[in-house]
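Written below as structure tokens is the structure these notes are about.
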Amino acid sequence: MQYLPDTDQAATFLAARFSGAASDVAPLGAGVWSQAYAFQWAGRDYVIRFGLQGDDFARDRLAAAFAGPALPVPAVLELGEAFDGYYAIADRVYGSYIDDVDAAQMRRLLPALFAALDAMRLADLSHTTGYGGWDAAGSAPYASWRAALLDVASDRPGDRIHGWRARLAASAVGSEPFDAAYRRLASLADGLPNLRCLIHSDLLHYNVLVEGERITGVLDWGCAMTGDFLYDLAWLSFWQPWYPAWQRIDFVQKAQRHYATIGLAVPGFEPRLLCCQLHIGLAGMAYQAYAGDWANLEGTARRILDLARS
């Protein structure tokens with residue numbers, strides 16, 4: 001069980017770190033792997049996060065190097081150890097979560113959202129290597145995008161969610177939807193291009209802040225990868241059924257129009273997008289089985305089977 005400090009403990013830690021000068025410590029909410037608190041110091045606003053996954057915080061620091069007007073990533077100012085785990089201090093950014101916007105605002109946000117995806121597609125990755133999830137130094141373990149996607153079926157001792165396969169097999173959903181979708185992914189994967197672009201890989205789940213028509217912060221790069229830039233579009237498309245307010249927005253069609261407008265050719269668009277969607281669903285099922293999130297597991301299984309049959 002992960003240990004996350006409460007507000008009083010966070011305030012005590014910050015008082016010691018800043019010689020009593022930190023103030024206005026307040027919880028900002030907990031994610032799956034960390035707990036965040038807002039605080040002030042020397043007239044500026046910051047966020048401190050505590051968690052057991054120090055690599056996630058280090059990835060946030062690396063991702064800040066890709067920040068720009070279209071991709072606002074908060075600077076990580078300090079990393080360290082605390083409460084038998086780790087902490088990270090970053091500049092605070094403000095806004096509402098993109099998960100909570102209505103259809104009208106989402107439509108207004110699309111140009112900024114596609115601009116952020118373009119910024120990730122064009123990010124300079126010359127100092128990084130490999131495909132798939134990258135570490136704090138920007139090194140990813142796979143020699144190809146195909147290999148990165150197909151490794152989704154692995155359940156190795158030492159992995160963060162090790163044990164998911166047994167829990168999936170024992171669940172009411174069972175392993176067959178996963179296995180059927182994986183077979184479909186494997187049948188398509190040989191034709192995938194080896195593109196190395198920056199992928200956030202978790203643009204929902206309260207990781208994007210917005211104000212009006214602007215994106216004000218892209219947070220939590222713990223799941224970041226290098227690979228096909230269509231992955232983040234596939235993320236929005238795959239999870240769209242979980243967001244009733246957006247049901248009448250065709251993210252894929254809007255993105256294709258955007259690519260046409262900027263003159264970007266995307267050969268093999270449909271099979272590439274489908275491979276990304278299948279991987280997203282498979283990874284989602286693995287995590288949901290690990291976490292015992294049975295309701296969402298059933299929904300994800302239905303969604304991924306529909307895609308696998310397409």
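Structure values in brief
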read-out: Residues located in the stretch 223-248, provided they are charged (D, E, K, R), within 28 Å of ALA147 (Cα to Cα) and either open to solvent by 10 Å² or more (accessible area, probe 1.4 Å) or not in a helix (DSSP H, G or I) (or both); value: ASP228
read-out: Those residues of the stretch 85-105 which are of a type in the set (A, V, I, L, M), in a helix (DSSP H, G or I) and surrounded by fewer than 19 Cβ atoms within 10 Å (Cβ to Cβ), in sequence order; value: ALA103, ALA104
read-out: Matching residues in the stretch 138-151 - criterion: being within 20 Å of GLN53 (Cα to Cα) and surrounded by 15 or more Cβ atoms within 10 Å (Cβ to Cβ); value: GLY138, ALA140
read-out: Tally, over the stretch 12-52, of residues that are at positive phi and more than 25 Å from the chain's Cα centre (by Cα); value: 5
read-out: Unique residue being over 30 Å from THR12 (Cα atoms), acidic (Asp, Glu), open to solvent by less than 50 Å² (accessible area, probe 1.4 Å) and assigned to a loop (DSSP other than H, G, I, E, B) when the list is ASP155, ASP159, ASP124; value: ASP155
read-out: Total residues in the stretch 165-178, condition open to solvent by less than 60 Å² (accessible area, probe 1.4 Å) and in contact (Cβ under 8 Å) with a residue 12 or more places away in the chain; value: 5
read-out: Residues (crowded, with 19+ Cβ neighbours inside 10 Å and part of a loop (DSSP other than H, G, I, E, B)) located in the stretch 203-222; value: LEU203, ASN207, LEU219, ASP220, TRP221, GLY222
read-out: Close pairs from the stretch 295-308: first of a type in the set (S, T, N, Q), partner assigned to a helix (DSSP H, G or I), Cβ under 6 Å, at least 6 apart; value: ASN296/GLN288; THR300/GLY281; THR300/GLY284; THR300/MET285
read-out: Residue ID - least open to solvent (accessible area, probe 1.4 Å), chosen from residues in the stretch 179-202 that are among the acidic types (Asp, Glu) and over 21 Å from the mean Cα position of the chain (by Cα); value: ASP179
read-out: Sole exception among (1) in a helix (DSSP H, G or I); (2) open to solvent by 40 Å² or more (accessible area, probe 1.4 Å); (3) touching a residue at least 60 places away in the same chain (Cβ under 8 Å) for ASP8, by number; value: (3)
read-out: Residue list for the stretch 63-77, restricted to those being open to solvent by less than 40 Å² (accessible area, probe 1.4 Å) and either without any contact (Cβ under 8 Å) to a residue 12 or more places away in the chain or part of a strand (DSSP E or B) (or both); value: GLY68, LEU71, VAL76
read-out: Residue among ILE262, ILE280 that is open to solvent by 30 Å² or more (accessible area, probe 1.4 Å), out of contact with any strand residue (DSSP E or B) (no Cβ under 7 Å at 6 or more places or on another chain), of a type in the set (A, V, I, L, M, F, W, C) and in contact (Cβ under 8 Å) with a residue 24 or more places away in the chain; value: ILE262
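The values are calculated or read from the model by the stated rules, or taken from the named source; none is laboratory data. In this text the structure is predicted, and so the values were computed from the model without any measurement. Don't worry about glycine lacking a Cβ; one is built from the backbone with ideal geometry, like all the others, and counts go over all protein chains shown. In case anyone asks, the SASA skips ligands and DNA or RNA and just uses the protein heavy atoms, side chains included. Shrake-Rupley method; radii C 1.70, N 1.55, O 1.52, S 1.80 Å.
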